[in-house]
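Asks: To start, I am sharing the structure in question, which I have written as structure tokens.
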Amino acid sequence: MSKRKLINRDISWLAFNARVLQEAEDVNVPLIERIRFLGIFSNNLDEFFRVRYAHVKRLNFVKSQRVREELEGLDPSKLLKDLNKIVKTQQAAAQKIYDTLILELEQHDVKLVDEKTITTSQKEYIREYFKTKVSPSVFNLILDQVAEFPQLRDKSIYLAVRIQRKEKNTYALIELPSEAIGRFIELPKYGKRYLMYLDDLIRYNLDYIFFIFDYEKIEAHTIKITRDAELDIDNDVSKSSIEIISKGLKNRKQGDPVRFVYDREIPKDIFEYLLSKMSIDNYDSLIAGGRYHNKKDLMNFPNIGSTNLAFEKMEPINHPDLDMNRSIINVIREKDVLLFLPYHTFSYIIRFLREAAIDPDVRSIKITLYRLAKDSRIISALINAAKNGKKVTVVIELQARFDERANIGWTNLLRNEGVQVISGVHGLKVHSKVCLVSRMENKSLRHYAVIGTGNYNENTSKFYTDYHLLTSSKSLTSDVVNLFEFFNANYQVFNYKHLIVSPHYTRDKFLKLIDIEIENAKKGLPASIFLKMNSLSDTEMINKLYEAGSYGVKIKLVVRGICSLIPGEVGLSENIEARSIIDRFLEHSRVYVFENAGQPKYFLSSADWMTRNLDYRVEVTVPVYDRQVQRELKSHIDIIWKDNVKARIHGRGLENAYHKTPGPKVRSQYELYDFVKKQLKNKKLLKRN
């Protein structure tokens, strides 16, 4: 039997999460950051079960050859078992790492205590803290007294309480108010710093909560359920987009359970009672865990102890071409500017919008929004522009997964402030990152655009690596004008001369670019491809890369997450290398470079090479024509490819082996920070001279 040519995307994703777990285990990573990586691992796993595992579970009930094709030839029932096996192994490893990290914290005079290990003075503090701050937010449900078992929320942690009484046991549920209170409570300092889980603080106060019962023993164990997050979308054309998505959100709350995680010490009687009441079936993942669940809360582990327990600060750097007191519009009228986040500050995007909002010659601002910060200054700038008489158009994606409710709220707010809001495109997700400012100059409109790889989100911009190209190039901005016309009238498909737009053109354009490299390789001309993206899983694109490699095209891939392509195998992919970089920043930028016989073509994109990005989303890939920006990108790429500290090698075996080379250590994110800092320094020196 021949070897498979593809790695299943879900198995590959779990290998990515294993790389995150490697960071939690790496003793060279500061201790508190290791704890936070453990939180990221847990948060990632929650989303995996809510989305991908739930999807495979649904496919298991569909008997079709297309199902196997979607799952890279695997049977869904077997895949579910394989995924469960991998997850259980990973979670066991995560628990061991967690136990080690807690012990290491004590060596730095930070101690986690529970209800059994607290001192007398701490007991008094905890009782008072519970009464004044926690008790008003705690609601307990006596299960014997309810007509119907409650619908458990999949983002919550519950304490399953067993009240042992002479006549019979009574069961209760307490939902932890961790969103309102926080998961970690810092106790008064006494030589050491003391922390306590909210779970344990409530455990200590169980007698206070259930004082009316005459009981022999009372105990509580954490449980957590994960539900299918797929929206049930109503196709009733008489309803607005907001009504349809809102109804889908209500249905999501009642999605089928796909994972039940529980404390392995939970008594058998209450465990079996819960399973029967929640109708957990054979395909649901039952995972016995430790005392604490929702370890995603570790992402917000408090920054206490000595300063060396966390990452050293890397403050964003000013862009050498964008002075704080100079008009951004004036700068990009003369030249293209590349913002490289988080190394540069995101505030330039906000300043660009604020400048446009008060410029008397600006006529309109148009922007696509996917995920926004909770307190978005982008929204504030757009509202300000509308109040100043600008025509503001916002294309906001209501189906941005897990941000639907927030985006409905932004939609209503913007409309109330006189902003024209377009609620996405029917049948497609608008995932592009584009902004257009139109300004009257010399009696005609001139356009200024920002085209990027990441969201207009000031929070994620602090730890996601992304590019934003600021340009007034007529060849590019004229296409952006047409793109916003498409958002207004979806029935009209434009021919873009420069931008590559999904779902109409992206797949074919990249296939043609690969074909050019194949033809050049046949002719003995320079032929190579560099691709940096988040995920690579589309079968047609992977097969085309295999084909290119077979003709001698040298292909370098930097793929952070899913990589279904198998690199470096004789007879399949000898000329393809693939790596993943996991470090303090999330590698989110998409950069595509084609050698083009010595005249390289550079592209920045919002799209990964997944079927959804190529065929079912509105994505924008922008060619980079400015020579200076091209040189910057080449320098960045060279640094990234030399990483021999945080780069892992993709391969069939999914070992996540580190890429090691002799010579100096190159940690690309730190090298890039130094590179950007040096750019600013050199610019200042030139100005002085």
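The values are calculated or read from the model by the stated rules, or taken from the named source; none is laboratory data. These numbers were taken from a predicted model, which means no experiment stands behind them. With ideal geometry, Cβ positions are generated from the backbone for all residues, glycine too; neighbour counts draw on all protein chains shown.
Asks: In the set K429, K462, which member is within 30 Å of F585 (Cα to Cα), modelled with pLDDT under 95, in the same structural domain as A357 (by TED's automatic domain parsing) and of a type in the set (D, E, K, R)? Explain how you work it out, then say what you get.
Replies: On the way: K462 fails: modelled with pLDDT under 95.
Of K429, K462, the one residue that is within 30 Å of F585 (Cα to Cα), modelled with pLDDT under 95, in the same structural domain as A357 (by TED's automatic domain parsing) and of a type in the set (D, E, K, R) is K429.
Asks: Can you name the residue in the range 170-190 that is more than 32 Å from the chain's Cα centre (by Cα), crowded, with 17+ Cβ neighbours inside 10 Å and not aliphatic (A, V, I, L, M) and is also farthest from M299 (Cα to Cα) among such residues? If you could, list the steps in order and put the result at the bottom.
Replies: Just the residues of the range 170-190 that are more than 32 Å from the chain's Cα centre (by Cα), to begin with: 170-172, 187-190.
Pick out the ones that are also crowded, with 17+ Cβ neighbours inside 10 Å and you get 170-172, 187.
From what's left, not aliphatic (A, V, I, L, M): 170-171.
Working: T170: 35, Y171: 32 Å.
Per the stated criteria, the residue is T170.
Asks: If you don't mind, another one. Pairs under 7 Å by beta carbon, first residue in contact (Cβ under 8 Å) with a residue 12 or more places away in the chain and buried (at least 22 other Cβ atoms within 10 Å of the Cβ) in the range 524-536, partner in a loop (DSSP other than H, G, I, E, B) and aliphatic (A, V, I, L, M), six or more apart or different chains?
Replies: Hits for this filter: A527/V553; I529/V553; L536/I562.
Asks: Looking at this structure, is I118 surrounded by 13 or more Cβ atoms within 10 Å (Cβ to Cβ), in contact (Cβ under 8 Å) with a residue 60 or more places away in the chain and either within 30 Å of N308 (Cβ to Cβ) or not β-branched (V, I, T) (or both)?
Replies: On the way: surrounded by 13 or more Cβ atoms within 10 Å (Cβ to Cβ): yes; in contact (Cβ under 8 Å) with a residue 60 or more places away in the chain: yes; either within 30 Å of N308 (Cβ to Cβ) or not β-branched (V, I, T) (or both): yes.
It is true that I118 is surrounded by 13 or more Cβ atoms within 10 Å (Cβ to Cβ), in contact (Cβ under 8 Å) with a residue 60 or more places away in the chain and either within 30 Å of N308 (Cβ to Cβ) or not β-branched (V, I, T) (or both).
Asks: Can you tell me which residue is surrounded by the fewest Cβ atoms within 10 Å (Cβ to Cβ) among those in the range 191-207 that are out of contact with any helix residue (DSSP H, G or I) (no Cβ under 6 Å at 6 or more places or on another chain) and assigned to a helix (DSSP H, G or I)?
Replies: From the range 191-207, those out of contact with any helix residue (DSSP H, G or I) (no Cβ under 6 Å at 6 or more places or on another chain) are 191-197, 199-200, 202-203, 206-207; that's our starting set.
This time we only want the ones that are assigned to a helix (DSSP H, G or I), so: 199-200, 202-203, 206-207.
Values: D199: 25, D200: 21, I202: 25, R203: 22, L206: 20, D207: 10.
Only one residue fits best here, namely D207.
Asks: What's the number of the only condition in (1) hydroxyl-bearing (S, T, Y); (2) under 29 Å from R631 (Cα atoms); (3) not in a helix (DSSP H, G or I) that Y491 fails to meet?
Replies: In the conditions (1) hydroxyl-bearing (S, T, Y); (2) under 29 Å from R631 (Cα atoms); (3) not in a helix (DSSP H, G or I), Y491 misses (2) alone.
Asks: Still on this model: If I ask for residues that are within 17 Å of D508 (Cβ to Cβ) and either assigned to a loop (DSSP other than H, G, I, E, B) or in contact with a Phe, Trp or Tyr (Cβ under 9 Å, 6 or more places away or on another chain) (or both), which ones from the range 532-544 would you list? Before the answer, list the steps.
Replies: Of the residues in the range 532-544, the ones within 17 Å of D508 (Cβ to Cβ) are 538-544.
D538, M541, I542, K544 - these are the residues of the range 532-544 that are within 17 Å of D508 (Cβ to Cβ) and either assigned to a loop (DSSP other than H, G, I, E, B) or in contact with a Phe, Trp or Tyr (Cβ under 9 Å, 6 or more places away or on another chain) (or both).
Asks: Hey, another quick one. Which residues, counting only those in the range 48-98, are charged (D, E, K, R) and at pLDDT below 90? Talk me through it step by step, then tell me what you get.
Replies: Keep residues of the range 48-98 that are charged (D, E, K, R), which gives 50, 52, 57-58, 63, 66, 68-70, 72, 75, 78, 81-82, 85, 88, 96.
R50, K57, R58, K63, R66, R68, E69, E70, E72, D75, listed by residue number.
Asks: Before we move on, is L557 in the same structural domain as Y658 (by TED's automatic domain parsing), closer than 29 Å to Q679 by Cα and in contact with a Cys (Cβ under 8 Å, 6 or more places away or on another chain)? Give the derivation first.
Replies: Working: in the same structural domain as Y658 (by TED's automatic domain parsing): yes; closer than 29 Å to Q679 by Cα: yes; in contact with a Cys (Cβ under 8 Å, 6 or more places away or on another chain): yes.
When the stated conditions are applied, L557 passes them.
Asks: So which helices (runs of 4 or more DSSP H) are wholly in the range 26-102 and hold at least 1 residues that are in the same structural domain as D256 (by TED's automatic domain parsing) and of a type in the set (D, E)?
Replies: Details: elements: 31-48, 54-59, 65-70.
Passing ranges, in order: 31-48, 65-70.
Asks: Could you check how many residues of the range 332-346 are touching a residue at least 60 places away in the same chain (Cβ under 8 Å) and either assigned to a helix (DSSP H, G or I) or in contact with a Gly (Cβ under 9 Å, 6 or more places away or on another chain) (or both)? Outline the logic, then answer.
Replies: First, pick out the residues of the range 332-346 that are touching a residue at least 60 places away in the same chain (Cβ under 8 Å): 332-333, 335-344, 346.
Adding the requirement that they be either assigned to a helix (DSSP H, G or I) or in contact with a Gly (Cβ under 9 Å, 6 or more places away or on another chain) (or both) leaves 332-333, 339, 341.
The total comes to 4.
Asks: Still on this structure, I have one more. With the condition kept exactly as written, say whether any residue in the range 478-489 is surrounded by fewer than 15 Cβ atoms within 10 Å (Cβ to Cβ), of a type in the set (S, T, N, Q) and in the same structural domain as P342 (by TED's automatic domain parsing).
Replies: yes
Asks: Here's another thing I want to ask about it. Among the residues of the range 132-149 satisfying the criterion of being within 21 Å of I181 (Cβ to Cβ), in contact (Cβ under 8 Å) with a residue 12 or more places away in the chain and of a type outside the set (S, T, Y), which is surrounded by the fewest Cβ atoms within 10 Å (Cβ to Cβ)?
Replies: Here the residue is F139.
Asks: Which pairs have Cβ atoms under 7 Å, sit 6 or more apart or on different chains, and link a residue in the range 452-475 that is among the aliphatic types (A, V, I, L, M) to one that is modelled with pLDDT of 95 or more and assigned to a loop (DSSP other than H, G, I, E, B)?
Replies: L469/D336; L470/D336
Asks: Something else about it: Exactly one condition in (1) of a type outside the set (S, T, Y); (2) more than 30 Å from D638 (Cβ to Cβ); (3) not in a loop (DSSP other than H, G, I, E, B) is not met by K497; state its number.
Replies: Looking at each condition in turn, K497 falls short on (3).
Asks: All but one of (1) in contact with a helix residue (DSSP H, G or I) (Cβ under 6 Å, 6 or more places away or on another chain); (2) under 29 Å from D82 (Cβ atoms) hold for D297, so report the exception by its number.
Replies: Only one criterion is unmet by D297, namely (1).
Asks: Which condition number in (1) more than 20 Å from Y467 (Cα to Cα); (2) of a type in the set (S, T, N, Q); (3) touching a His at 6+ places or on another chain (Cβ under 6 Å) is the one that S606 fails?
Replies: All conditions pass for S606, except number (1).
Asks: In this structure, is S438 in a helix (DSSP H, G or I), assigned by TED's automatic domain parsing to the domain that holds K391 and touching a residue at least 40 places away in the same chain (Cβ under 8 Å)?
Replies: Answer is no for this residue.
Asks: Kindly state which strands (runs of 3 or more DSSP E) lie completely within the range 554-627 and contain at least 2 residues that are of a type in the set (A, V, I, L, M) and out of contact with any helix residue (DSSP H, G or I) (no Cβ under 7 Å at 6 or more places or on another chain). Outline the logic, then answer.
Replies: Numbers: elements: 554-559, 576-581, 590-594, 601-605, 620-624.
Result: 554-559.
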